[in-house]
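Below: one structure, written as structure tokens.
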Amino acid sequence: MRKEVISILLLVGLAPIMAQNDGYNADRTSYTTTLQQTPYSAESKKTVYVVPAEEVYYAPESSMSAKFQCDIDISGEIRGGEVSYNVPTTGNIRTSGRIADGGAGIDVALGARIGSITFIGGGIGIHSNFMNGTIIDRDAAGVFKMPFKVMDWRMPIYFKTRLYIPASETIGPFFETCIGGWVRLKDEMRFDLSEINLTDEVFRNNAHGGFYFQFGFGCEFNRFTTAIGYRLYSNTTEGRFSYGYVSVGVRI
């Protein structure tokens, strides 16, 4: 008798579960559960729609989307050649040979990264230039050697572009171009005239600026960049000053 009672109780408890009809449809896009009405459930049928993972579509980022970008670069520039200054008190002057001059600078460019291959923006920098050498002065009294030092500070202001060549997620070679103008902040040429028993003379250039151009090739590693190329300062008074440059920087 006890066994019969236990069997009846088990059948009563399992009846709701046995009455449940669960399963996917033929193409496995929905899962249907049919429940027997009980005091604990207000639903008799519930269908859950299932979308296979391989059919989920993620919209790619637009190739024309634009994001803010800031480039900060520290550079060094150098050139070789002869220096020529028109100094009224000394006549025609030239260097005693080919010399090198150069300096360092910092540039900040703000703009937009369009997609993954183009940067367009505007930049401003502070560039320095220093030179040490010896000038030979020839006049009626003879030939004199005059050591000199040049200090020149310039501020280029320009339109900047970078064209990236996608290589991988972390490495991106690029070409960069800057076109604009430059403003002279300070220029000083100091002569050591001790050989001719005179006090030092200081001359300052009256040219205030001119055309600026830069072109180079570099590579971006994550957010860090390095580049090498050509840089030009020119104006109608002094002519052209051509430099080679190397830079390292960071992209924000």
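The values are calculated or read from the model by the stated rules, or taken from the named source; none is laboratory data. Since the model is a prediction, treat every value here as computed from it, not as a measurement. Using ideal geometry, Cβ is built from the backbone for each residue, glycine included, and neighbour counts are taken over all protein chains shown. The accessibility values were calculated without ligands, DNA or RNA, using every heavy atom of the protein model including side chains. Shrake-Rupley method; radii C 1.70, N 1.55, O 1.52, S 1.80 Å.
Of all residues in region 129-152, those being modelled with pLDDT of 80 or more, surrounded by fewer than 17 Cβ atoms within 10 Å (Cβ to Cβ) and within 22 Å of residue 243 (Cα to Cα) number 4. From the list 166, 173, the one residue that fits, being in contact (Cβ under 8 Å) with a residue 40 or more places away in the chain and not in a loop (DSSP other than H, G, I, E, B), is 173. If you filter region 206-252 down to residues that are under 19 Å from residue 176 (Cβ atoms) and charged (D, E, K, R), you find that the one that is farthest from the chain's Cα centre (by Cα) is 231.
Of everything in region 115-128 that is open to solvent by 50 Å² or more (accessible area, probe 1.4 Å) and farther than 26 Å from residue 242 by Cα, the residue that is modelled with the highest pLDDT is 117.
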